[in-house]
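Undergrad: One structure, as structure tokens, below. Some questions next.
Derivation of every value follows stated rules applied to the coordinates shown; laboratory data play no part. Note that the structure is predicted; figures quoted are calculated from it, not measured. Glycine gets a Cβ as well: all are built from the backbone with ideal geometry, and neighbour counts include every protein chain shown.
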Amino acid sequence: MLPLTGLYIIILFFYAEAIFEKLIPVIITPQNLLEKTPAQRVKLNVTAISDKLLSTNVLGTRLWDMDIFFSQSEDGSGTRIDEQTDILTPTAQMVPLEKDADLCLDDVMFEVDLRDQTCADIPFMCVELRKNPSTSIDYTFGTNPEQVPFVGCLNMTNICRGVIAKNLNWAGEIPDFVDGPLETVQNIVSNASIDVETVLNNLTGDNLWQMSVFASSTKSAGSDDILLPYFDQILTEEQSRLPVPEDGVLRFYNLETPPFQVDRMGCGKFKFLCYRFQKASRSDADFAFHTDSGKKYVLNCQELVCKAVTPKKLDWTIESIDSAPGRRTPTTLDVTTKLRNDTRDVNGTRLWRLGLYGSNSEFGVGPKFDEVYQLLTDERIALPIENRKPLKFGELVTQFEIGTIGCVDNVNYVCLEFEKNTNPDPDYVIIIQDKRGDDVKSLISCKRKLCEAKAVLEALEATHPSSLRIFEGTEDQDITVSLDAITNKLESTNVAGDYLWDVTTFFSPNVNGEGNRILEQTQILNQLQARTELVADENIGFPDVEFATDLSNHECSEIPYICYQIRKNPWSSINYEFLPDSEIQPIINCTSTKDICKGVIARFLTWSSEDGDGDRLPGEKGPIKGDVTVDVVPSSRDLEGNNLWRLSTYASSDPFGTRKVSPVMHQVLTPSKASTSLEDGGPLVFENVETEPYPLDQLGCGEARYLCFELRKSNESDVDFAFETTTGEDALIECVEQECQSVFLTNMNWTLTEDDPVPGQKSLVNLDIETNFQNRSRAVFGDDLWQVRLFASNLSAGDGERIGETNRVLSYYQAGQIIEQPESTILFEGADVYFDIGSVGCKDYVYVCVEFRKGEDPSTNFTMIVVENDELTTKTSLHSCKERVCSAKVTFEDLNIDVKTDKLIEGVADQEIEFDVEGIPDILKSTNVGGENLWNLKAYIYGRDGRDQVGATLTDIISDKQKNQPFLAGDDFSFDDLSLELDLADRLCHEVPFLCFELEKDPGASINYAFKTIPKEEPMRKCVPLEPICEGKFSR
């Protein structure tokens, strides 16, 4: 333990701080201080807002000191008026300041003397708080931010009073203008009274009071509710200086306003008329003016009754059928004018105007398009307003360009305008206001309208005149085309206006117009065509569109297609919708220029023979010589080059040179002649043309009747040019008929006789034939000149398969009959030939045909030409056919059955029975019948009653040869040595009493003969008893 060597003393120091931010005085009593009044007791509550971070607890006595004063400044600076110091009681001085709390000094009492002061002199009451110099503790007093002195003030505006006004009453005479004539701007005369309290005994002056009059949208007349005009002062000078009477009521009589918009009173925003009383703004007296609620004025607003028509809205619909831009169409509207609740009723005539127009403004201002000034009929003009109900004008019809609106620039809205009509009876006030509340002359309602005009195209068709020709290598050529734009009838509407369509034309190497566009022209329509109207349900037609083109540097081969594209004109006067999009799916028509673009068009060719016709000896060959002249269309292009032409020569069987006869000489021009130039529209001349040797004896004979020349563009030409004829062919052919020493057969007649032919067998037939020849036929002598053929056919013309044909009908003598006279007939009588005539008509061929022709190897060579309808043909023969009806038939009366077997045993299988069957015909009703598969014979067993068949039917009991056995009328007809096997293994004799036979026509007969029986039963049936030859239980 340490010894106590000294005394240690510890002293603790505590630092108190009162740091304040703001000083707030609040007057508790009285509610008002009166100017010019002494000895007024005041109670304040004062709060000093502390800085909670810097302040600490401050405890003690005589802590605080406070002064009170009035000031002209809001912060208490400047002269202090009626200052009082040290106003705190000892109790108030020791109110502690607690940390984290404010200093509250309540119920601070003092007295003020305002006998020499007006409210205007003392706008602020202020207090100053400071540290008491006699404080019991040493603490720090300060402010943050620094405020020296530390002062707080309160505004005396609503506390200091001089004159207190209340209970403003007024009654005015509002002019009645319901039934005109109207004077909408008038003076309002009224009387007013105000209750006034004042502490001023002698309040006088020349300008004490101010009475204002104005309209308001609300009864409280807030600053945003007051409507112009605002009349500041309606008191006369005398009224403005009236002193306050002893009874405290100011009375003003016959107050008259300046001219006022009286027709507005009670309508819309002008629902209230307000009187406002206050101290005159330029009063020459010094006093304070307040209401009992502290306001600077007294207000009385009275709601008035509206005496005007006040439309607020148009409800309407509009529609038109078949509307189109650029023209008026019947337009139907349904219109109702809705009214404000404050509207008046009205009844009379000529009351309303309702107009219709187009506008570029959604508010309908600016120029009016196609205005219909008055839509209403006389009856609807006088439609009354009853019980403030809307004006329902109903359905209205007029002519209007509704289709144009939205489709042209600066007209995008369709607008209705409603207003008071000119000279209504009675006259009335109408008040119309826009959305901002501003007065407007009329009620306008506009609806934006999109352009309904729509052209929906599906295709473009182009038609050129058949006579149109443009020539390659040629400038300044006119083209005419008629265009039809095919529309979608369900989606397209009427479209009308100016500059509607743009049609572009160009040449193209492709059928769809894609790729390079050659000689493109962007607009080929004239102004009239470009405004062609599209009528709904119709196509757009552009007839006879003309434009020029320059082909001086182009060949037809470069421009195989001429194309047209239709699109919307970018300068269209209406903004219609064009579909499909021209950039995505262009509407293009491309037509082949094959029939339009030409180079050289040849019209005809002339052949001038050098040697004339001359003699033509059999077998002689020699060149064909002469000049060829080709006439061309004068507008044909000029042409110069090498190997331009190819001239062919050949014989033909027709005057058109289509059936060439060998030999054909494909190029008879020499290289120099093939390079002959064409200038100034021709002609094209080839002189001294000489062919290779030709069989001259064949010219004019047979198929070589014509000598033909064919001119075409050479495949070896070094110039690419177009060549065709006036008929559009690529070759010009001219044929010259040559004299031919031939016979010309015009017709042939024949008859055929027969004698009981048997179908399927050849029999002798007899032919008589007559042939006729034209007078230009040559005389013919010789052997084997003619040949006649006989055949059957299943076609009436004798075409196709020839059945049973025989070539040798004529005798040697008949084949050598001659033609002696220029016009001759040859008769071939009694020509006999064997032919299966009986099958014709009884099989599937029913025609018998005779053909007359030149002999196959005549001793004299000549050409026989068949003439039909005075026209020479290429036929080598003439034949005709006649139909033959099948006459083969057989009628049977009975069958005779001769059974050759003498015994059958019951209970035994496969027993052969032999027999003969004879048909008994009706000779008068039967003819010869021949062919294959003619007959069918069946056998079967019948029961005892003759009705019930026993066992199966036995067919094919005759041989194929017997099936083909002919029936010859008058001869016996039977099937001999027939046999069949009977199976009696399970049969007794009494069970097989009869054996029956049926004869019938075989369904597969090769000829269609008639098979009949007497009586009329089919087939022919006959039964024979087996009892005599059957042994067994039955026989016993």
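Undergrad: Using a 10 Å cut-off around each Cβ, can you sort His290, His554, His666 from fewest to most neighbouring Cβ atoms?
TA: Lowest to highest Cβ neighbour count: His666, His554, His290.
Undergrad: Projected onto the charge dipole of the chain (+1 at Lys/Arg Cβ, -1 at Asp/Glu Cβ, origin at the Cα centre), which of Ser467, Ile818, Val899 gives the Cα projection farthest towards the positive end?
TA: Farthest towards the positive end: Ser467.
Undergrad: Follow-up. Find, to one decimal place in angstroms, the Kirkwood hydrodynamic radius of segment 600-737, where the mean of 1/r is taken over every pair of different Cα atoms and then inverted. Intermediate values should be presented prior to the final figure.
TA: Working: mean 1/r = 0.0654 Å⁻¹.
Every distinct Cα pair counted, the radius reaches 15.3 Å.
Undergrad: Quick check for me: using +1 on Lys/Arg Cβ and -1 on Asp/Glu Cβ, what's the dipole size of segment 462-598 about its Cα centre, in debye to the nearest 20? If you can, show how the numbers build up before the last one.
TA: Details: 8 positive and 22 negative charges, 32 e Å.
The calculation lands at about 160 debye.
Undergrad: So the label point goes 7 Å from the Cα of Ser811 along Cα→C-beta, right? Which residues of segment 733-768 then have their backbone N under 14 Å from it?
TA: Counting backbone N atoms under 14 Å from the label point, the list is 766-768.
Undergrad: Sum up the charges of everything whose Cβ sits under 11 Å from the Cβ of Gly798, counting Lys and Arg as +1 and Asp and Glu as -1, but leave Gly798 out.
TA: -1
Undergrad: Mind jotting down the distance between the C-alpha centroids of segment 717-747 and segment 277-311, whole Å?
TA: One Cα centre to the other: 118 Å.
Undergrad: Using amide H atoms built 1.01 Å from N in the peptide plane, name the residues 5+ places from Thr1013, or on other chains, whose amide H lies under 5 Å from its own.
TA: Answer set, sorted by chain and number: Phe892.
Undergrad: Same structure again: Grab the beta carbon distance between Ser77 and Asn423, set R0 = 41 Å, and tell me the FRET efficiency rounded to 0.05.
TA: On the way: r = 72 Å, r/R0 = 1.75.
Working from the Cβ atoms, E equals 0.05.
Undergrad: What pairs from Lys900/Lys1001; Lys269/Lys447; Lys882/Lys1001; Lys368/Lys447; Lys368/Lys568 go past 21 Å between their alpha carbons? It would help to have the intermediate numbers written out before the result.
TA: Numbers: Lys900/Lys1001 26 Å; Lys269/Lys447 27 Å; Lys882/Lys1001 28 Å; Lys368/Lys447 14 Å; Lys368/Lys568 27 Å.
Too far apart for the 21 Å limit: Lys900/Lys1001; Lys269/Lys447; Lys882/Lys1001; Lys368/Lys568.
Undergrad: Turning to a different aspect of this structure: Taking the Cβ of Phe231 as the center, what net charge do the other residues with Cβ under 15 Å away carry, scoring Lys and Arg +1 and Asp and Glu -1? List each step's numbers first, then the result.
TA: On the way: positive: Arg264, Arg276; negative: Asp232, Glu256.
Once all neighbours under 15 Å are counted, the net charge is 0.
Undergrad: Could you please report the charge total around Tyr650, scoring K, R as +1 and D, E as -1 over all other residues with beta-carbon less than 9 angstrom from its beta-carbon? Spell out each step's value before the answer.
TA: Numbers: positive: Lys660; negative: Glu710.
Local net charge: 0.
Undergrad: If only Cα atoms are counted, what is the Rg of segment 101-164, and what is its Dmax, in Å?
TA: 16.0, 50
Undergrad: Here is a follow-up. Which of Glu829, Glu703 comes first, and how do the rest follow, when ranked by fewest Cβ neighbours within 10 Å? The partial results should precede the final answer.
TA: Numbers: Glu829 11, Glu703 18.
Ascending number of Cβ neighbours within 10 Å: Glu829, Glu703.
Undergrad: What is the mean projected area of the alpha carbon convex hull for segment 166-303, to one decimal in square nanometres? Before the final figure, lay out the partial values.
TA: On the way: hull surface 33.9 nm².
For the Cα atoms of segment 166-303, the hull's average projected area reads 8.5 nm².
Undergrad: Also: Which whole-Hz couplings ³J(HN,Hα) result when phi for each residue of segment 489-500 is put into the Karplus expression 6.51 cos²θ - 1.76 cosθ + 1.60, θ = phi - 60°, listed in order with x for Gly and Pro?
TA: 5, 7, 9, 6, 10, 5, 9, 9, x, 10, 6, 6
Undergrad: Same structure again: Thinking of segment 830-888 as a set of Cα atoms, what percent of all their pairs are more than 17 Å apart? Mind showing how you got there, number by number?
TA: Values: 1001 of 1711 pairs.
In whole percent, the long-distance tail amounts to 59.
Undergrad: Could I ask something else about it? Under 5 Å between amide hydrogens, which residues at least 5 positions from Ile958 or on another chain qualify, with H placed 1.01 Å from N in the peptide plane?
TA: For Ile958, the qualifying residues are Leu937.
Undergrad: Quick one: if you stick a label point 7 Å off each Cα along the C-beta vector at Glu716 and Glu319, how many nm between them?
TA: 7.9 nm
Undergrad: For Met94, Met864, what's the fewest-to-most ordering of other Cβ within 10 Å of each Cβ?
TA: Details: Met94 17, Met864 23.
With the sparsest Cβ surroundings first, the list reads Met94, Met864.
Undergrad: Now, a different point. So, with +1 on the Cβ of K and R and -1 on the Cβ of D and E, and no other charges, what is the size of the charge dipole of segment 600-737 about its Cα centre, to the nearest 20 debye? Spell out each step's value before the answer.
TA: Values: 12 positive and 26 negative charges, 70 e Å.
I would put it at about 340 debye.
Undergrad: OK, next. Let me check against my output: what whole-number percent is the relative contact order of segment 241-324, with C-alpha pairs under 8 Å and at least 6 apart?
TA: On the way: 68 pairs, mean separation 25.6, N = 84.
About 30 percent, as a whole number.
Undergrad: Follow-up. Tell me the volume per residue, in Å³, of the convex hull enclosing the alpha carbons of segment 462-598. Show your work: numbers first, answer last.
TA: Numbers: hull volume 14.5 nm³, N = 137.
Spread over its residues, the Cα hull of segment 462-598 gives 106 Å³ apiece.
Undergrad: Which of the listed residues, Leu699, Gln233, Ile87, is farthest toward the dipole's positive end in the chain, when Lys, Arg count +1 and Asp, Glu count -1 at the beta-carbon?
TA: About the Cα centre, the residue reaching furthest to the positive side is Ile87.
Undergrad: Given the C-alpha centroids of segment 13-42 and segment 548-595, what is the distance between them in whole angstrom?
TA: Measuring centre to centre over Cα atoms gives 97 Å.
Undergrad: Which stretch or stretches of segment 846-875 have amide N atoms under 18 Å from the point lying 7 Å from Ser796's Cα along the Cα→Cβ direction?
TA: Residues 846-850 fall inside that zone.
Undergrad: How big is Rg to Rh over segment 16-161, alpha-carbon atoms, Rh as the Kirkwood inverse-mean-distance radius?
TA: On the way: Rg = 15.4 Å, Rh = 15.6 Å.
Here Rg/Rh amounts to 0.98.
Undergrad: Where the only charges are on Cβ atoms (+1 Lys, Arg; -1 Asp, Glu), what is the dipole of the chain about its Cα centre, to the nearest 20 debye? Write down the numbers at each step before the final one.
TA: Working: 96 positive and 171 negative charges, 1189 e Å.
Around 5720 debye, computed over the chain.
Undergrad: A further question on this structure: Assuming R0 = 45 Å, what is the FRET efficiency of Asn861 and Phe604, from their Cβ-Cβ distance, to the nearest 0.05?
TA: According to the calculation, E is roughly 0.80.
Undergrad: Going 7 Å from the Cα of Arg448 along its beta-carbon direction, which residues of segment 324-341 have the amide nitrogen within less than 19 Å of the resulting point?
TA: The answer is none.
Undergrad: Expected output is a single nm value to one decimal: the length gained when fully extending between Asp100 and Asn747, i.e. 0.36 nm times separation in residues minus the C-alpha distance. What is it? List each step's numbers first, then the result.
TA: Working: separation 647, 0.36 × 647 = 232.92 nm, distance 14.71 nm.
Full extension from Asp100 to Asn747 adds 218.2 nm.
Undergrad: If you take percent of Cα pairs over 51 Å apart from the coordinates, which of [x] 70; [y] 47; [z] 37 do you get?
TA: Entry [x].
Undergrad: Give me the one-decimal nm value for the distance between modelled label points at Glu770 and Asp544, 7 Å along each residue's Cα-to-Cβ direction.
TA: Reported label-point gap for Glu770 and Asp544 is 6.3 nm.
Undergrad: Let me ask something else about it. For Gln761 and Val664, what is the calculated FRET efficiency with R₀ set at 56 Å and r taken between the beta-carbons, to the nearest 0.05?
TA: Step by step, r from the Cβ atoms, then E = 0.60.
Undergrad: Now a separate question. Using only the C-alpha atoms of segment 742-883, find the volume of their convex hull and express it per residue in Å³.
TA: Output value, Cα hull per residue: 100 Å³.
Undergrad: Between Glu461 and residues 5 or more places away or on another chain, which pairs have amide H atoms under 5 Å apart, with H built 1.01 Å from N, and which residues are they?
TA: Asp484, Ala485, Ile486
Undergrad: Between Asp870 and Gln965, what length in nm is gained on full extension when 0.36 nm per residue of separation is reduced by their alpha carbon distance?
TA: On the way: separation 95, 0.36 × 95 = 34.20 nm, distance 5.14 nm.
Value of the extension gain: 29.1 nm.
Undergrad: Here is a follow-up. Can you show me the helix-derived [θ] at 222 nm for the chain, built from DSSP H runs with n ≥ 4 at -39,500 (n - 2.57) apiece and divided by the number of residues, rounded to the nearest 500.
TA: -500 deg cm²/dmol, from helical runs alone.
Undergrad: Starting from 0.36 nm per residue, how many nanometres of slack lie between Ala909 and Ser482 once their C-alpha separation is accounted for?
TA: Numbers: separation 427, 0.36 × 427 = 153.72 nm, distance 9.65 nm.
Difference between extended and current length: 144.1 nm.
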